[in-house]
Amino acid sequence: MSPTISAKRSGTRWVITLLATLLALAFLWLQPPSSASAEETDDGQEITDFYFAGVITFDGQPVGDVLMTIEGNGFDAETETDAEGKWRLYVPEKDTYTLTVDEDTLPDGVIVDAAQLPEGTQPIAGTTASFEVEFGLTGTKITNLFLGEGERVTTSFIDQLVERLINGLNFGLLLALAAIGVSLIFGTTGLTNFAHAEMVTFGAVVAVIFGSFLQVPMWLTIPIVLLLGAAFGWGLDAGLWRPLRRKGLGMVPLMIVSIGLSLLIRYLFQFFLGGSTFQLPGADSPNIQIWGPIKLSVVDMMSMGISIVVIVAVAFWLLRTRVGKATRAISDNPGLAAASGINVDRVIRTVWVLSASLAGLAGVLWGYFRPGVKWDMGVHILLLMFAAVTLGGLGTAFGALIGALIVGILVEVSTLWLPSDLKYVGALVVLILILLVRPQGILGRRERIG
């Protein structure tokens, strides 16, 4: 074996080891601070300013010991009704949640009477015990539930699996838009860009400003997001990254700069937006029965369609255009690409512009999928972007696409067995297992450094 290939393989192992360590550190860094000192209820709930509450009755009599759960936006909690049928579930913020009554804890032969659900409570198709609930103008929502005789309806495992596969495909496609940008930046510059999460948030924030605040139609708002995202990427490279590259800064200092930039931009978003969650126009569109258990809203179908069209366009750009071929050449060997006459700085600038545009579009679609736009929404999928890039193969855009689809589907399907707040763990476990067998990733090459 030649010394060059051996050195490249050693370099690849070093990059994989470093990135795995960074993922572990980032996971700890991104966790919310513990709130051990926060006031809690008797059943272990953290008391917040927002809660759902109500009473469960049957034939005018309260029903006790009924298990109630609530989940949404990565949060879940549970409680039981007391002897008077009363219950209360605290949540961290005003948002749309799924409220579920454990039918096994109800008296035999009775179900929740859907005809007597309070206003603003929408039953979820395929079950008699799960409902979408949301707040009004205040931070409390009273949801009284009345039981009645009836036959319980549940969704079969196969139907749930199909539904989650479709949701996972949708999530994987929007994740791919962001992960491809991460991969292109890493491939051409070697930079692990932690600020990419804020580039995702930037697109969602622009969509809220134009689509929600200024009432600009979404068909016009999305091109505005792409243009402003491109300008954002151009400004970051021209004002920060290119000067740092010319100073010869190493990859580790550049990565630390990206972490600082991420924190700066994130808290600027919080300063101007506050801690509220904003909904994009059409986010509450109802699901449409497509076929069998498959139900999608118009927004979901448009999201998947837009993602596929954009990904195909990026693939065409990489494979058929002169700049795309130059981008792949720089990813393979920057020195040789520069020696062959390729303007490396110009190509990198193009990559930053394209990556920021894709991240901005991913932010809009992520705002619909969650649903809701918040100042720190991008950081929630940052580790998944890194996982997709690493799983697919470092520096390969097509590998990032495959990795993102795998991660997206695993995240959604894992909720069949895991609590919603642990659904990201399954994807990271699969990432570790695959890297143990194939350290270079699915489409990566052993001799590839970037």
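The values are calculated or read from the model by the stated rules, or taken from the named source; none is laboratory data. If you're wondering where the values come from, they're calculated on a predicted model, not measured in any experiment. In this analysis, Cβ positions are derived from the backbone assuming ideal geometry, glycine residues included, and neighbour counts consider all displayed protein chains.
The conditions of being not in a loop (DSSP other than H, G, I, E, B) and not small (G, A, S) are not met by L418.
Matching residues to (1) in contact with an Asp or Glu (Cβ under 6 Å, 6 or more places away or on another chain); (2) under 30 Å from M377 (Cα atoms); (3) without any contact (Cβ under 8 Å) to a residue 40 or more places away in the chain; (4) not assigned by TED's automatic domain parsing to the domain that holds A204:
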residue	(1), (2), (3), (4)
K295	no, yes, no, no
M302	no, yes, yes, no
G305	no, yes, yes, no
R322	no, no, yes, no
P334	no, no, no, no
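All of A339, A362, A315 fail the test of being surrounded by fewer than 20 Cβ atoms within 10 Å (Cβ to Cβ) and in contact (Cβ under 8 Å) with a residue 60 or more places away in the chain, apart from A315.
Is there a residue being surrounded by fewer than 24 Cβ atoms within 10 Å (Cβ to Cβ), touching a helix residue (DSSP H, G or I) at 6+ places or on another chain (Cβ under 9 Å) and aromatic (F, W, Y) anywhere in the stretch 400-419? So far as the stretch 400-419 goes, yes, one or more of its residues are surrounded by fewer than 24 Cβ atoms within 10 Å (Cβ to Cβ), touching a helix residue (DSSP H, G or I) at 6+ places or on another chain (Cβ under 9 Å) and aromatic (F, W, Y).
Scan the stretch 180-219 for residues that are in a helix (DSSP H, G or I) and free of Cβ contacts under 8 Å to residues at least 40 places away in the same chain and jot them down.
Going through the stretch 180-219, the residues in a helix (DSSP H, G or I) turn out to be 180-189, 196-213, 218-219.
Matches in the stretch 180-219: I209, F210, F213, W219.
From the list G395, G367, exactly one residue is in contact with a helix residue (DSSP H, G or I) (Cβ under 7 Å, 6 or more places away or on another chain) and at pLDDT below 90. Which is it? Sole residue among the options that is in contact with a helix residue (DSSP H, G or I) (Cβ under 7 Å, 6 or more places away or on another chain) and at pLDDT below 90: G395. Selection within the stretch 284-303: residues that are of a type in the set (A, V, I, L, M) and part of a helix (DSSP H, G or I). The member of this set that is surrounded by the fewest Cβ atoms within 10 Å (Cβ to Cβ) is V298.
Quick check on this structure: which one of A400, A387, A356 is at pLDDT 90 or above, closer than 21 Å to S262 by Cβ and part of a helix (DSSP H, G or I)?
A356
Considering the stretch 149-183, and only residues there that are loosely packed, with under 14 Cβ neighbours inside 10 Å and among the small types (G, A, S), the residue that is modelled with the lowest pLDDT turns out to be G150.
Go over the candidates G274, G250, G282, G233 one by one and state the one that is in the same structural domain as A397 (by TED's automatic domain parsing) and free of Cβ contacts under 8 Å to residues at least 12 places away in the same chain.
Values: G274 fails: free of Cβ contacts under 8 Å to residues at least 12 places away in the same chain; G282 fails: free of Cβ contacts under 8 Å to residues at least 12 places away in the same chain; G233 fails: free of Cβ contacts under 8 Å to residues at least 12 places away in the same chain.
Going through G274, G250, G282, G233 in turn, just one is in the same structural domain as A397 (by TED's automatic domain parsing) and free of Cβ contacts under 8 Å to residues at least 12 places away in the same chain: G250.
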